[in-house]
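What follows is one structure encoded as structure tokens, with my remarks underneath.
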Amino acid sequence: MRMEKQAEGRMRDGTVLLADVYRSDRAGSWPALLLRLPYDKTTRHYRETFVDIERLTAAGYVVVIQDVRGRFASEGEFYPFIYEAADGCDSVEWAARLPEVNGKVGMIGMSYHGFTQVAAAAGQPPSLQAIAPMMAFADGWSTMRGGRGVFELGKWQSWVAESMLPDHLERVEGPEGPARISGYLEHLPSWLGKGDPLTWPPVTAAGLPAYYKDFLLGDVSEETRQQMQAAPENIKVPALFLAGWYDCFLEETIDLYQRTSGPAELWIGPWTHEDQSGQAGDVFFPEAQIDRTGLFLKWFDRWLKGETAPPGDSVHYYVMNAGEWRSGADIPEGRTEAVFYLQPDSLLSGEAPKQEAPGRRVRHDPDHPVPTSGGNILMSGFRAGSFDQQEIQKRGDVLVYTSAPLSKDWEVLGTVQAHLRLTLSRPGLTVGLRVSEVTPDGSSWNVVDTVQAGERTIDIGRTAYRFLAGSRLRVEVYLSSFPRAESSLEPVWAEIHGDSKLHVSAGTSPVFQD
């Protein structure tokens, strides 16, 4: 494998973006695979962990890893998302003209560099033949701010401080710049959510990049917001999507799959944003790890090299606790719907309570917020996935509702939704909801959860999960998740009325022990 360091690509406005180009030792003309990212492209992660570049080049691809505008070696000023459509289209056509490239280009990447694919593909550059976004999204603005009425502060502060500020400081001040915030970064989890976000020490010490404040305040023009958005309906090229049941961009990735216009395939594993080994928090799901590079090769061999592929299903998903991959033509959805009422005596049952049944009140103390624990999160020092929630469920500011034990296995497939009737001490409170499996030993493992502005109907999350015989279904309600989401700085309360209920899409109706 040969590597050309810092190949120059000139954008339509004259800005030069730099890339490392990896080629096979064999002579020939090959398709290119382009990865455009705002992170350090020289790290081992992008050569060996995310994908195996040596395998890709040996299989007959030229791999191009490019710094986006304003990051690392590339010229220009960085502002999240707004340049990726135009620069992506220009970069695709530049890559198509590189030596030993046959004019065909595919794109790979996850998260932000999943968005760079979506933005470029929506612009329909002629040389782009296929993409493979993993854990991606189409709307950078709403995705990074949190699209459920609650700003996901922990995710935003983690991304800006840990991923963006060191290079920002080095570009502004030189090699010594990042040292000014090294102390903050070493203890970043303890800083998340602390104090006024607008004067948060890690970013003020770095000079407060303009976009940090803009996203916090929602203070950008409509034109700028539109530049941060791509239209999946305009994506005509074949697209391979990878999503994780415990990834923060699960719904966004599924939405992309459903809205693209070209041939598409979707894989959903029990993965978190940072770990696709099958280890999701404190739970390990066997057989969940896949050969990601091999999957990409099959996809691009088909669409960039014309290799035939046998007919197959479009959607592949892992059923947690069943230990198996399944496939089908559509996103998994159960054939039946089970309804559980949040009873005033803390039971979760299919029987509606009496009309005069009292509600239950839950309070939030800003000095002692409910801590974030697992789930679909992405924050420095906080692991995503499934954890035993017993200690949190013992708190006085968490309402808990538990079903009778199941007499046989029961599979939940699709979206778990709450229909709540709430009385709030003030409108728009943060409401947290979590559904867990309580095992016979008393452990309580989160399956889906969310933090949203209090509304009557709340989508808690989507899953494919087998509750085992002898286990119980549990629902928690709380008013903060620190430091995941902004919460009230004043004491507040909510009353959950007895006709509130949980709707679960399942393969069969649940059967409980007498």
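The values are calculated or read from the model by the stated rules, or taken from the named source; none is laboratory data. What you are looking at is a predicted structure, and each value in this text was computed from that prediction instead of being measured. So basically every Cβ, Gly included, is an ideal-geometry build from the backbone, and we count neighbours across all protein chains shown. Note: areas computed on protein heavy atoms with side chains; ligands, DNA, RNA excluded. Shrake-Rupley method; radii C 1.70, N 1.55, O 1.52, S 1.80 Å.
One decimal place: the segment residue 217-residue 42 gains 59.6 nm when fully extended, by the rule 0.36 nm per residue minus the C-alpha distance. Within the stretch 67-145, the percentage of alpha carbon pairs spaced more than 22 angstrom apart rounds to 22%.
Tally up the carbon and sulfur contribution to the accessible surface of the chain as a whole percent, 1.4 Å probe, everything protein left in place. In the chain, the share of accessible area belonging to carbon and sulfur is 47 percent.
When the helix-only estimate is applied to the chain (DSSP H runs of n ≥ 4, each -39,500 (n - 2.57), divided by the residue count), what is the mean residue ellipticity at 222 nm, nearest 500 deg cm²/dmol?
-5500 deg cm²/dmol
Extension gain, residue 26 to residue 457: 0.36 nm times the residue separation minus the Cα-Cα distance gives 149.3 nm.
Tell me, what is the 1.4 Å probe accessible area of residue 190, in Å² to the nearest 10? For residue 190, solvent-accessible area is about 60 Å². Compactness of the stretch 1-121 was expressed as the Cα radius of gyration divided by 2.2 N^0.38 Å, which yields 0.96. All distinct Cα pairs of the stretch 386-473 go into the 1/r average, and the inverse of that average, the Kirkwood radius, is 14.0 Å. Overall, the stretch 430-474 carries a charge dipole of about 100 debye about its Cα centre when +1 sits on the Cβ of Lys and Arg and -1 on the Cβ of Asp and Glu, all other atoms neutral.
Each of 332, 386, 372 was scored by the projection of its Cα onto the charge dipole of the stretch 324-409, and the greatest displacement toward the positive side belongs to 372; charges sit on the C-beta of Lys, Arg, Asp and Glu. For the chain, the number of Lys pairs separated by eight or more positions or lying on different chains, with C-alpha atoms closer than 26 Å, is 17.
Return the loop-located trypsin sites (Lys or Arg not before Pro) in the stretch 185-232 (DSSP other than H, G, I, E, B) with at most 16 other Cβ atoms within 10 Å of their own Cβ; answer none if there are none. Hits after loop and neighbour filter: 194. Placing +1 on the Cβ of every Lys and Arg and -1 on the Cβ of every Asp and Glu, with nothing else charged, gives the stretch 1-86 a dipole about its Cα centre of roughly 180 debye. Between the C-alpha center of the stretch 424-465 and that of the stretch 275-303 there is a gap of 27 Å.
Taking 0.36 nm per residue of separation and subtracting the current Cα-Cα distance, fully stretching the chain between residue 49 and residue 4 would add 14.2 nm.
Quantify how much of the Cα-Cα distance distribution of the chain extends past 44 Å, in percent. Considering the chain, 18 percent of its Cα-Cα pairs are separated by more than 44 Å. Averaging the Cα positions of each part gives two centres, and for the stretch 206-227 and the stretch 48-86 these lie 24 Å apart. For the chain, the solvent-accessible area of protein heavy atoms averages 39 Å² per residue (probe radius 1.4 Å; ligands and nucleic acids excluded). Near residue 227, once Lys and Arg are set to +1 and Asp and Glu to -1 for all other residues with Cβ below 12 Å from its Cβ, the sum equals -4.
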